[in-house]
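Presented below is the structure to which this report refers.
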Amino acid sequence: MAKSLPPLTWFRAFEAAARHLSFTLAAEELGFTQSAISQHVRALEDRLGCQLFVRANRSLQLTDAGRLLVPDVTAAMELLGQAVRRFLPDGDAPKLTIATSASIAHCVLAPHLAAFHTQHPGIALQLITTIWPDDFAATNADVEIRFGPPGVVGSGATLLEPSYLHIVAAPRLAAQLPDPVTWADLQGVPLIQAIGLSTGWTALSRKQKTSGILEADLYVDTHGMAVDLAIAGAGIALTHCQITRDAIRRGALQEIALPRVPAQEGYYMALRSTAHPTQQRQFADWFSALIAPLPNDPV
């Protein structure tokens, strides 16, 4: 079995001492004592079985073995530095990590993040998108915006209201429907549904006792995709109101005048333990205001 690598501390001590050609200056840079640097380098020499420095009074010189080792150790230290920097925020701004359903990120956050940064220029955000509730187990976020039924989204999560399903279509497709529209008028029109809904087109049509059973023609894995397809005119979507509201406001979607359906699966926000409680609360308050009920929303 190959020998284990020497401790990283030994290599750090050697690299700094080789750069400064001084144990004293290396110790000042790394926050060690001069004696500790000397001991780390000596331990590395013992492990490698060769002398790395020629030590003289008030001077330090690399040996041939030391000069041979320097480039590889320097390159390795730089690679480790790059790996660590990927996980560190740029600059000094507090960074909040937001783990959110892909639909919320795409349809709710993206159109309004410029306004958030105008109001809170000192807060950096890192967005992590998810699809399924158990995806959050792999995140370490300050704020989580989850989708699912109450028993699945986990403890400490608050329902984001309003929370209902409604039927939407692109204006040009909605204009082709009769006025007033009935459930029967949807037969023969492509229907879009997000998978995982407890109340889909079929269950809804049975509950409404329509003359024929409605079935989805397009199944997608997120409400955001259902919205995108509806905007593109691919069909009429049964989807969650939180994901459609921005598209309705800008006229890309139109709500079909059929009864709204209480959502058994909703969007929930959870605030986790954080190093930035003030910034976390500022984001939570901003987001809560963003998705607050509109005047025509049921309460």
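The values are calculated or read from the model by the stated rules, or taken from the named source; none is laboratory data. Since this is a predicted model, take the numbers as computed values, not measurements. Cβ sites come from the backbone with ideal geometry, for glycine too, and all protein chains shown count toward neighbours. The accessibility values were calculated without ligands, DNA or RNA, using every heavy atom of the protein model including side chains. Shrake-Rupley method; radii C 1.70, N 1.55, O 1.52, S 1.80 Å.
Here is how the numbers come out for the structure above:
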item: Cα centroid of region 167-221 to Cα centroid of region 1-73, whole Å; result: 72 Å
item: Computed [θ] at 222 nm, helices only, for the chain once each DSSP H run of length n ≥ 4 contributes -39500 (n - 2.57); result: -11000 deg cm²/dmol
item: Helix 64-85 vs. the chain, principal-axis angle (Cα, 0 to 90°, nearest 10); result: 20 degrees
item: Qualifying trypsin sites (Lys or Arg not before Pro) for region 7-85 [loop in DSSP, other Cβ within 10 Å: at most 16]; result: Arg58
item: Helix axis angle, 8-20 relative to the chain longest principal axis, alpha carbon, degrees; result: 60 degrees
item: Accessible surface ranking that places the most exposed of Glu161, Glu78 first, with a 1.4 angstrom probe; result: Glu161, Glu78
item: Accessible-area value, Thr210, 1.4 Å probe, nucleic acids and ligands omitted, Å²; result: 30 Å²
item: Alpha-carbon radius of gyration plus Dmax, which is the widest Cα pair, for the chain in Å; result: 29.9, 100
item: Residue order for Asp72, Asp285 - accessible surface, 1.4 angstrom probe, largest first; result: Asp72, Asp285
item: Solvent exposure, largest accessible area first (probe 1.4 Å, DNA, RNA and ligands not counted), of Glu28, Glu265; result: Glu28, Glu265
item: Solvent-accessible area of Ile231 with every protein chain in place, 1.4 Å probe, in Å² to the nearest 10; result: 50 Å²
item: In degrees, nearest ten, helix 34-48 long axis to first principal axis of the chain (Cα); result: 90 degrees
item: Percent accessible area from carbon and sulfur atoms, the chain, protein chains only, probe 1.4 Å; result: 55 percent
item: Per residue solvent-accessible surface (Å²) - region 113-240, probe of 1.4 Å; result: 48 Å²
